[in-house]
Amino acid sequence: MPVHHSAASYCLGIESTADDFSVGILSFDGEVLANVISAHVPEKGGIHPREAARHHAEVAGKTVEDALQKAKIEPRRIQAVAFSQGPGMGPCLRTGATAARALAAYLQVPLVGVNHCVAHIEIGRLVAGAGDPVTLYVSGGNTIVSAFEAGRYRVFGETLDIAVGNCLDVFAREVGLHPEERMPLGAVVEKMAGEGQNYVSLPYTVKGMDLSFSGLLTAAIQLFQEEEHRLEDLCFSLQETVFSMLTEVTERALAHTEKTEVLLTGGVAANERLQSMLNQIADEHNARFCVVPKEYALDNGAMIAWTGILAYQHDMTVPIEKSFVKLKWRLDDVCVPWHGG
Ligand code: ATP
Ligand code: FE2
């Protein structure tokens, strides 16, 4: 096997919080050598944690092997194994943790438990070139506006009920849209929204800095059932409403913190309408807008490996016997001593 950078050190990271299992390998200086993602697509409906976990168990060995081959490094070059310790779904997290523990024990290297939300921010800082941004992290399971302050990523605003990606997905399913080849439901809604133009009023729910999507989701589904509006117009209106809410909260966090960068990440970051709305508020505040490329915005192992490296360099490793998963581990519970501020 050809050996890549024989003197350098590497970290292997395992991501398994939800329906994707992924393995990333990075060098300690931030070069991504592999980022292999094995997506689990449920046959119908949303995520089933136990089915997803079964998928993870089935693909774990092969995905690790693929990542090592892709990285062209010998396993003994791996200096630490990182895994998503939470937040996420119990069965999924446990399967990833088991794989990580086995690998760390076999390679006789330290294990690093990574907070999934921190990882989304850290990979954004690495690959999208943001130093100290206000981050909007939007996915199927999370909706968080955060920024670094006094040693942690503080949560400035978050959802009070469902995540924005989940809102788009449930709406899409309820109105009979299906995921297309390489196109998740949110992207299908985006495509339809592009053909809509008439704004239909929906509940706009921002409470202080927090957001709520479930009421407007119910209202949008109800409007569809009344058959008075084109689906394109409803998709358009749904997007305009939820993205305006997200933009409003992000803008207020930006004004409050006086940061000079806005970072957009998570699966929903692929949405061009959301990108353009955030770009505009960034402009208005003389801030730079950065968006994480899809490969690193979706759940991925590279972000876990990179955050694992940062944590490892600050001795934040975890003994195997204490490496239990943390289903509700909050972003603002984590110390991030590697952040210069
Ligand atoms: P997490 O564990 O971080 O909550 P996740 O399991 O939801 O992540 P992601 O891949 O980060 O996984 O995000 C998936 C979400 O992104 C889905 O809700 C999907 O519909 C949404 N999405 C993907 N592309 C688009 C798009 N173009 N517009 C809007 N939403 C999108
Ligand atoms: Fe995620």
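The values are calculated or read from the model by the stated rules, or taken from the named source; none is laboratory data. The model shown is predicted, which means the values in this text are computed figures rather than measured ones. Backbone-built Cβ (ideal geometry, glycine too); neighbour counts: all protein chains shown. The protein model used for the area step is the full one, side chains on, heavy atoms only, and it has no ligands, DNA or RNA in it. Shrake-Rupley method; radii C 1.70, N 1.55, O 1.52, S 1.80 Å.
Helix 116-127 and the longest principal axis of the C-alpha atoms of the chain enclose an angle of approximately 80°.
Our coupling estimate for the stretch 217-232, obtained by passing each phi through the Karplus curve with A = 6.51, B = -1.76, C = 1.60 and θ = phi - 60°, is 5, 4, 5, 5, 5, 4, 4, 4, 5, 6, 6, 9, 10, 5, 4, 4 Hz, Gly and Pro reported as x.
If you take the Cα centroid of the stretch 128-142 and the Cα centroid of the stretch 45-98, the two points sit 23 Å apart.
Between Glu232 and Glu43, what FRET efficiency follows from the Cβ-Cβ distance if R0 is 30 Å, with the result rounded to 0.05? Please report the intermediate quantities before stating the final value.
On the way: r = 28 Å, r/R0 = 0.92.
Taking R0 as 30 Å, the efficiency between Glu232 and Glu43 is 0.65.
Derived scalar couplings between HN and Hα for the stretch 45-52 equal x, x, 6, 10, x, 6, 5, 4 Hz in order, rounded to whole Hz, by the Karplus curve 6.51 cos²θ - 1.76 cosθ + 1.60 (θ = phi - 60°), x for Gly and Pro. Normalised per residue, the accessible area of the stretch 1-145 is 38 Å², obtained with a 1.4 Å probe and no contribution from ligands, DNA or RNA.
Quote to one decimal, in nm, the extra length available between Lys191 and His314 on full extension: 0.36 nm per residue of separation minus the C-alpha distance between them.
Values: separation 123, 0.36 × 123 = 44.28 nm, distance 4.41 nm.
Contour length minus Cα-Cα distance gives 39.9 nm.
Diagonalising the gyration tensor over the Cα atoms of the chain and scaling each eigenvalue by 5 before taking the square root yields semi-axes of 35, 23, 17 Å, largest first.
Per the Cα gyration tensor, the stretch 71-165 maps to an equivalent ellipsoid with semi-axes of 28, 18, 11 Å, ordered largest to smallest. Please report the net charge: other residues with Cβ closer than 14 Å to the Cβ of Val262, K and R +1, D and E -1. Net local charge, Val262 excluded: -3. Other residues whose C-beta falls under 9 angstrom from the C-beta of Asp332 contribute a net charge of +2, scoring Lys and Arg +1 and Asp and Glu -1.
With R₀ fixed at 45 Å, the C-beta to C-beta distance from Gln280 to Lys72 puts the FRET efficiency at about 0.60.
For the peptides 146-153, 121-128, the ranking by packing is 121-128, 146-153, with the highest mean count of neighbouring Cβ atoms within 10 Å listed first. Karplus-based coupling profile of the stretch 82-89, in residue order and whole Hz: 10, 8, 6, 8, x, x, x, 8, with θ = phi - 60° in 6.51 cos²θ - 1.76 cosθ + 1.60 and x standing for Gly or Pro.
Between the beta carbons of Asp29 and Tyr106, assuming R0 = 22 Å, the FRET efficiency works out to 0.30 to the nearest 0.05. Taking a straight line from the alpha carbon of Lys259, these aspartates and glutamates sit under 14 Å away, with near neighbours fewer than eight places off in the same chain left out: Asp132, Glu149, Glu251, Asp283, Glu284.
Protection proxy ranking, highest mean first, for peptides 236-247, 54-65, 11-22: 11-22, 236-247, 54-65, where packing is the per-residue count of other beta-carbon atoms within 10 Å, averaged. Ranked by the mean number of other Cβ atoms within 10 Å of their residues, highest first, the peptides 260-268, 300-308, 43-51, 206-214 come out as 300-308, 260-268, 206-214, 43-51.
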